[in-house]
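Presented below is the structure to which this report refers.
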Amino acid sequence: MKFSSQEEYGLRCLVAIALKGEQGSITIPELGRAEGLSASHVGKLLSLLRRAGFIKSVRGQLGGYSLGKDPAEILVRDVLETLGGRLYGEGFCERHSGLLPVCVHEADCLLRPLWSRVQRAVDSSIEGLTIADILQHRLGETVKLSQMPAERSPNLP
């Protein structure tokens, strides 16, 4: 299973903004350089995050992007849904109907319980997880981030 690049990069950008603190801000070019992304890609991601209220923008020479909410109030689940939607949920079967208007397995789908189970597992893994938790490395994992092998370490600052 994979998360999309939009979810990964969008979450990374949001965390980078959060690292600037309550009064800090960052511009699109600065964020692009920091994350290794084009300014246009960062702009698209920030537009999604701003419309959802996670960040706010200030125009002008001293402008940039800053958090729109306290990091403890921003649920990772909500950010991921904003950036890419749920793995499984409303409209899933309609989006995967092949060439037909309705999936051939609509009445007797053997995969629907599997996708539902996967979604529940993801939901329970990130339940209550906030941007503040990411900033403080409080991910509720039995292995501390500093003890993870380098090739598997999450890209946290």
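See the values below:
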read-out	value
Efficiency of FRET between ALA39 and PHE3 - r from beta-carbon atoms, R0 25 angstrom, step 0.05	0.65
GLY68 long-range amide H proximity, modeled H, under 5 Å	ILE55, LYS56
Most mobile of LEU100, LEU110, LEU31 in a GNM of the chain (Cα contacts under 10 Å)	LEU100
Kyte-Doolittle mean at least -0.5 and Cα axial length at least 15 Å: DSSP H helices in the chain	5-19, 39-51, 112-126
Space enclosed by the convex hull of the alpha-carbon atoms of region 73-129, per residue, Å³	79
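Each reported figure results from applying straightforward, stated rules to the coordinates on display, with no laboratory input. All values reported here derive from a predicted model rather than from experimental measurement. Cβ atoms come from the backbone with ideal geometry, glycine included; neighbour counts cover every protein chain shown.
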